[in-house]
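Working notes for the structure below.
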Amino acid sequence: MQATAFAGANVSGKRIAVASTRRCSHVVRAAVAVPAQFKAVTPVGDRVLVKVDQEEGKSTGGVLLPTVAQTKQTAGSIVAAGDVNLVKSGDRVVYSKYAGTEVQVSGQEHVLLKEEDVIGVLPSGDKISSMKPLGDRVLIKCAEAEKKTAGGVLLASDSGDKPNFGTVVSVGEGKKPEDGGEQVKPNVPVGATVMYSKYSGTEYEEDDVQYIVVRESDILAALA
């Protein structure tokens, strides 16, 4: 089953729309509450503990939202890290909506993630356009959809398919192969125009500009 899920990252007081498009089964999980006598949670292996950004309790018009109507966050700050290589404590990160184990620590929402599930590190200004993608991921600025048909007919904003190509904004440092060899950086230059798989990646919208983060394996071709 193909599902398109929309989430939100609340960064620096502004809201960034996130759309995760992938084939999945939807599972609702309750957060695990850490008993009050335990004051510290130390991730094991290649995991990190992320303090989740606070959910928005009001709509843009100031209307108080019930809990079920609030959008799940997909951004936060790493407060503890295990044996990881690409991130560290204090990093502001965005991560996959469907990854990790949600935990309540001292009444605050956290998530335990594998390093692999961290999509990218946000800079101090929290701009998606300046995100540093992790591993073999690539940040792409999506091409704008055509507003007219070849015959000059004006298209509605929800008409037709969205383009599946765009310009490479930044590239991750690569990932080590499973056989333990050297880390290999994605062979995709910044500034290149590329075509990517239609149902891949995680989409973001910032200042009316669309971005997508995909893995190198989801890039189908370079366009020139």
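The values are calculated or read from the model by the stated rules, or taken from the named source; none is laboratory data. Keep in mind it's a predicted model, so treat the numbers as computed, not measured. Cβ placement follows ideal geometry from the backbone for every residue including glycine, while neighbour counts extend to all protein chains displayed. With ligands, DNA and RNA removed, areas are computed over all heavy atoms of the protein, side chains included. Shrake-Rupley method; radii C 1.70, N 1.55, O 1.52, S 1.80 Å.
Residue 73 fulfils the conditions (1) open to solvent by 50 Å² or more (accessible area, probe 1.4 Å); (2) modelled with pLDDT under 95; (3) touching a strand residue (DSSP E or B) at 6+ places or on another chain (Cβ under 7 Å) except for a single criterion, (1). Please tell me if residue 199 is open to solvent by 60 Å² or more (accessible area, probe 1.4 Å) and aromatic (Phe, Trp, Tyr). Taking the combined requirement at face value, the residue satisfies it. Just to be sure before I move on: is residue 86 assigned to a loop (DSSP other than H, G, I, E, B) and more than 12 Å from the chain's Cα centre (by Cα) in the structure I sent? Yes. Provide a single number: the residues in the range 137-156 that are modelled with pLDDT of 90 or more and touching a Ser or Thr at 6+ places or on another chain (Cβ under 7 Å). Looking only at that region, the number is 3. Just so you know, in the range 181-195 the residues that are part of a loop (DSSP other than H, G, I, E, B) and among the hydrophobic types (A, V, I, L, M, F, W, C) include one that is most open to solvent (accessible area, probe 1.4 Å), and it is 190. Looking across the range 86-104, the residues that are open to solvent by 40 Å² or more (accessible area, probe 1.4 Å) and under 25 Å from residue 200 (Cα atoms) come down to 86, 92, 98, 101.
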